[in-house]
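Colleague: Below you will find the structure I want to go over with you.
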Amino acid sequence: MHLGGSMSSLAPDAVSSVKKQRALAILGVIILVILIWQTSAHSNANQPAKATGAWKTITLSSEKLHFKVPPSWTTRDDDGDTASPPQSISLLSPPTNNYYFSLEVSSGASDDVYKNFLGESAGMTLLKLPAAGSNTLLYLVAQGTKQSVTGLALASTPGNDRTSFGIQDASSKGNNNITMSVNLVTTPPSATPKPYSLSMYQSQPEYKDVLGVFNSMYFTH
């Protein structure tokens, strides 16, 4: 009696079943590889640049918030190094291919800070921030959807349908809210910031520096 295990000795239905199982196994491997590749690509895209000794330290003195920016970034305006809010600092990355990043850090009452980045709205988490000295966990979150990002901003909850952007003052007076946000801007800039896809943000040469700026922030008391 011949007990050979070749596929030719199997019944047609059995052969078909084996082929289907192999095809499903191959498909499963392909899907797994794609998922790993996408996860790796997302992780690499959101890998912040490391602040070096050449980076400049910027301080929002009213809230003792500090962060570092590359030496090529310039200050657009500074409302004064006051000891109490309101205070606002704006910085610009160097333009590349007719685009640049505009970063604004503000403290003050709700009417003083950049309102579009204070409060709850949808978002996507880009980084969990170390933020030494912070009284709460902080995140960098893209506001909006993957196809329509209105900016990247500091948030006190991770990205979801109801992300809490900014650090809202816990006191009843509400005079010490903090926002830190960045927009992608064209040259010359439009009257109001335009939304772009998240991939558009990530394709900019200065994107990893933007992540590095947020990743470098810390508080002193």
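Every number here is computed from the coordinates shown, using simple stated rules; none is lab data. Only a predicted model underlies this, so the values are computations on that prediction, with no experimental measurement involved. A quick note on method: Cβ atoms are made from the backbone with ideal geometry, for glycine too, and the neighbour counts reach across all protein chains shown.
Colleague: Based on the Cβ-Cβ distance of Asn97 and Thr220, what FRET efficiency does E = 1/(1 + (r/R0)^6) give at R0 = 25 Å, to the nearest 0.05?
Modeller: Details: r = 37 Å, r/R0 = 1.50.
So, using R0 = 25 Å, E works out to roughly 0.10.
Colleague: Mind jotting down a quarter of the surface of the convex hull over the alpha carbons of the range 56-219, in square nanometres, one decimal?
Modeller: That works out to 8.8 nm², a quarter of the Cα hull's surface.
Colleague: Distance check, please: which entries in Lys50/Lys115; Lys128/Lys194; Lys64/Lys128 exceed 27 angstrom between their Cα atoms?
Modeller: Lys50/Lys115
Colleague: Still on this model: Just order 174-185, 189-200, 116-127 by mean Cβ neighbour count inside 10 Å, highest at the front, would you?
Modeller: On the way: 174-185: 22.2, 189-200: 13.1, 116-127: 19.0.
Averaged packing, sorted descending, gives the order 174-185, 116-127, 189-200.
Colleague: For the peptides 154-165, 206-217, what is the packing order when you average, over each peptide's residues, the other Cβ atoms within 10 Å and list the highest mean first?
Modeller: Per-residue mean Cβ counts within 10 Å order the peptides as 206-217, 154-165.
Colleague: For the range 56-219, what is the relative contact order in percent, using Cα pairs closer than 8 Å and at least 6 residues apart in sequence?
Modeller: Relative contact order, the range 56-219: 25 percent.
Colleague: Can you figure out the FRET efficiency of Arg22 with Thr187, using R₀ = 41 Å and their beta-carbon distance, to the nearest 0.05?
Modeller: With R0 = 41 Å, the Cβ-Cβ based efficiency is 0.15.
Colleague: Please work out the FRET efficiency for the pair Ile30 and Asp161, using the Cβ-Cβ distance as r and a Förster radius of 25 Å; give the result to the nearest 0.05.
Modeller: 0.20
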